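Participant: Provided herewith is a single structure, encoded as structure tokens, for subsequent inquiry.
The values are calculated or read from the model by the stated rules, or taken from the named source; none is laboratory data. All values reported here derive from a predicted model rather than from experimental measurement. No Cβ is skipped: glycine too gets one built from the backbone with ideal geometry, and neighbour counts run over all protein chains shown. Note: accessible area is taken over every heavy atom of the protein model, side chains too, but ligands, DNA and RNA are not part of it. Shrake-Rupley method; radii C 1.70, N 1.55, O 1.52, S 1.80 Å.
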Amino acid sequence: GGGLTQADAAAGIRAALNNGVSHAISTIGVKDGFLLNNLIRIPLPQRLKNIQGSLSRFGLSGPLDTLETQLNRGAEAAVPQARKIFVDAISSMSISDAVGIVRGGDNAATDYLKGRTFTPLTGLFTPIMTTALEQAGAIKTLDNLTASLKSIPLAPQLGADAKDDLIRHGVQWGLDGMFVYIAKEEAAIRANPAKRTSEILRKVFG
């Protein structure tokens, strides 16, 4: 209604999502954006978390605590590098569902984007996260931890896939963190006129 065309709807959805990406990157793609954020802080993968819990009782969890910090630092560094991946995914969205998304719930556009792009985004984001974890020192810490556990009798051992598990875990949580903040911005645009900072946003969501 109100002269809103499908093209308008698509443009508004894309603008809202692009705003969400910018909001996410500026919020979590910075130092402590993950580490000190209780909403999206990344824990260690479950097997490493179990070992961390066991060793912490004896004051020996230091290397795993360091690894957890480095994992979050890696995500903070990787997120800004993912901007183009998200922008490309948004620009390639079909307009066929645009009107329904505009009329949908608070996070309809974010849910649409996540449902259709999470798998390809995972593939594109993985090398970015791998490099970020290497630069943060997480991969070296994990290698050192694996070697040290081998020398301790009865200590739980890490398999050969521990590194891949850490990277996959970082990728999933990193992308989830992005979508949490894209969704928050979409909901704000729908609810708060002050967040509609462009003509197309005011036209579509006003």
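Participant: Within the stretch 183-201, identify whether any single residue is outside any loop (DSSP other than H, G, I, E, B), surrounded by 14 or more Cβ atoms within 10 Å (Cβ to Cβ) and of a type in the set (Asp, Glu), and answer yes or no.
Facilitator: Within the stretch 183-201 (the criterion being outside any loop (DSSP other than H, G, I, E, B), surrounded by 14 or more Cβ atoms within 10 Å (Cβ to Cβ) and of a type in the set (Asp, Glu)), the answer is yes, since at least one residue qualifies.
Participant: Within the stretch 99-111, can you find the residues that are modelled with pLDDT under 90 and open to solvent by 20 Å² or more (accessible area, probe 1.4 Å)?
Facilitator: Selection gives Val99, Gly100, Arg103, Gly104.
Participant: Restricting the search to the stretch 61-85, which residues are more than 26 Å from Ser22 (Cβ to Cβ) and either over 24 Å from the mean Cα position of the chain (by Cα) or free of Cβ contacts under 8 Å to residues at least 12 places away in the same chain (or both)?
Facilitator: Ser61, Gly62, Pro63
Participant: While we're here: Could you count how many residues in the stretch 53-98 are in a loop (DSSP other than H, G, I, E, B) and buried (at least 20 other Cβ atoms within 10 Å of the Cβ)?
Facilitator: 1
Participant: Quick one: which residue in Phe179, Phe205, Phe125 is in contact with a Lys or Arg (Cβ under 8 Å, 6 or more places away or on another chain), within 21 Å of Lys84 (Cβ to Cβ) and surrounded by 18 or more Cβ atoms within 10 Å (Cβ to Cβ)?
Facilitator: Result: Phe179 is the single residue among Phe179, Phe205, Phe125 that is in contact with a Lys or Arg (Cβ under 8 Å, 6 or more places away or on another chain), within 21 Å of Lys84 (Cβ to Cβ) and surrounded by 18 or more Cβ atoms within 10 Å (Cβ to Cβ).
Participant: List the residue pairs whose Cβ atoms are under 9 Å apart, where the first residue sits in the stretch 138-150 and is touching a residue at least 60 places away in the same chain (Cβ under 8 Å) and part of a helix (DSSP H, G or I), the second is of a type in the set (A, V, I, L, M, F, W, C) and surrounded by fewer than 13 Cβ atoms within 10 Å (Cβ to Cβ), and the two are 6 or more positions apart or on different chains.
Facilitator: No pair meets every condition.
Residue-by-condition table, conditions (1) without any contact (Cβ under 8 Å) to a residue 12 or more places away in the chain; (2) under 23 Å from Ala147 (Cβ atoms); (3) touching a strand residue (DSSP E or B) at 6+ places or on another chain (Cβ under 6 Å):
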residue: Ile25; (1), (2), (3): no, no, no
residue: Phe34; (1), (2), (3): no, no, no
residue: Leu48; (1), (2), (3): no, yes, no
residue: Gly59; (1), (2), (3): yes, yes, no
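Participant: Which residues, counting only those in the stretch 13-52, are in a helix (DSSP H, G or I), more than 30 Å from Met93 (Cα to Cα) and open to solvent by 60 Å² or more (accessible area, probe 1.4 Å)?
Facilitator: Answer for the stretch 13-52, where residues must be in a helix (DSSP H, G or I), more than 30 Å from Met93 (Cα to Cα) and open to solvent by 60 Å² or more (accessible area, probe 1.4 Å): Gln46, Arg47, Lys49, Asn50.
Participant: Looking for whichever is touching a His at 6+ places or on another chain (Cβ under 6 Å) and not β-branched (Val, Ile, Thr) here; the options are Pro45, Pro80. Which one fits?
Facilitator: Pro45
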